[in-house]
Each structure stands twice: as C-alpha cells, then as structure tokens.
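Read through the structure below, which is laid out as structure tokens, and then see the notes.
The values are calculated or read from the model by the stated rules, or taken from the named source; none is laboratory data. Please read these numbers as outputs of a predicted model, since none were measured by experiment. We place every Cβ from the backbone using ideal geometry, glycine too, and count neighbours over all the protein chains shown.
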C-alpha cells in the first residue's frame, strides 16, 4: 500500500505540529464547551501518525479515536502516544466505513 511505504521511513511527512484544522477545531470547541465541562469525543479520520490526535489530547478535555488505513502510521501514532503518556487516546487501523454507528462531538479529517 502506498501509505504504508511512505510511513516505513518513520519520517513525519506532514511535520511535527498540528494542522491548521486542528488548531481551529480546538479554538472552536473551547468556545462552546459542554455543560459541566464534560469531555468531548473526537474522531480523527486519516489521522496518519497522530499529530492532530495528540494536539486534541493536550488542549482539550476529550476522548480521541484516530483512524487510518496505514498500519505503519497507526504504529507510529501508538508509539508516540505511549511515549507522551496520553490519556483517553485510541488508534485503529481501519477505514471509516468499518466503525459502525457511533456518535462523536467532533469529526476531523485533513487527508481522510
């Protein structure tokens, strides 16, 4: 698969920091917090190596699921998440059509 080959080098092809979409999403979510400051649920489709997932986790009270079709990218994301001891962060190697019925407060997709 193309993306597995791209990620095998472990190079962070999209950079280290979050995408502009993730930054804007955090600002928006902070402006309309849930009652009692409940955590928001976030789905990141095409999360790659998890840069936006990590950003969400660092800046919001949230649970985040990052999905990508590349096993290499998901492996990188899981490693980074363990190293940074992230809270309620999960990664799955799958296509979004495999998720079944779920409800999320925020759905993000830069490249998905």
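Determine, yes or no, whether residue 63 is at pLDDT 90 or above, in contact with a strand residue (DSSP E or B) (Cβ under 6 Å, 6 or more places away or on another chain), surrounded by fewer than 22 Cβ atoms within 10 Å (Cβ to Cβ) and not in a helix (DSSP H, G or I).
Yes; evaluated as a whole, the condition is true for this residue.
Could you list, in sequence order, the residues of the stretch 69-105 that are within 11 Å of the chain's Cα centre (by Cα) and either part of a strand (DSSP E or B) or touching a residue at least 60 places away in the same chain (Cβ under 8 Å) (or both)?
Scanning the stretch 69-105 gives 89, 90, 91, 92.
Out of (1) in contact (Cβ under 8 Å) with a residue 40 or more places away in the chain; (2) in a helix (DSSP H, G or I); (3) within 21 Å of residue 20 (Cβ to Cβ), the odd one out for residue 54 is which?
The single condition residue 54 does not satisfy is (1).
Looking for whichever is surrounded by fewer than 18 Cβ atoms within 10 Å (Cβ to Cβ) and modelled with pLDDT of 90 or more here; the options are 55, 104. Which one fits? Give the derivation first.
On the way: 55 fails: surrounded by fewer than 18 Cβ atoms within 10 Å (Cβ to Cβ).
Testing whether each residue is surrounded by fewer than 18 Cβ atoms within 10 Å (Cβ to Cβ) and modelled with pLDDT of 90 or more leaves just 104.
Okay, residues lined up against (1) surrounded by 11 or more Cβ atoms within 10 Å (Cβ to Cβ); (2) closer than 19 Å to residue 79 by Cβ; (3) touching a helix residue (DSSP H, G or I) at 6+ places or on another chain (Cβ under 9 Å); (4) modelled with pLDDT of 70 or more:
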| residue | (1), (2), (3), (4) |
| --- | --- |
| 6 | yes, yes, yes, no |
| 11 | no, yes, no, no |
| 14 | yes, yes, yes, no |
| 25 | yes, no, yes, yes |
| 31 | no, no, no, yes |
| 36 | no, no, no, yes |
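Residue check: is residue 44 on the phi < 0 side of the Ramachandran plot and crowded, with 18+ Cβ neighbours inside 10 Å?
Values: on the phi < 0 side of the Ramachandran plot: yes; crowded, with 18+ Cβ neighbours inside 10 Å: yes.
Yes; evaluated as a whole, the condition is true for this residue.
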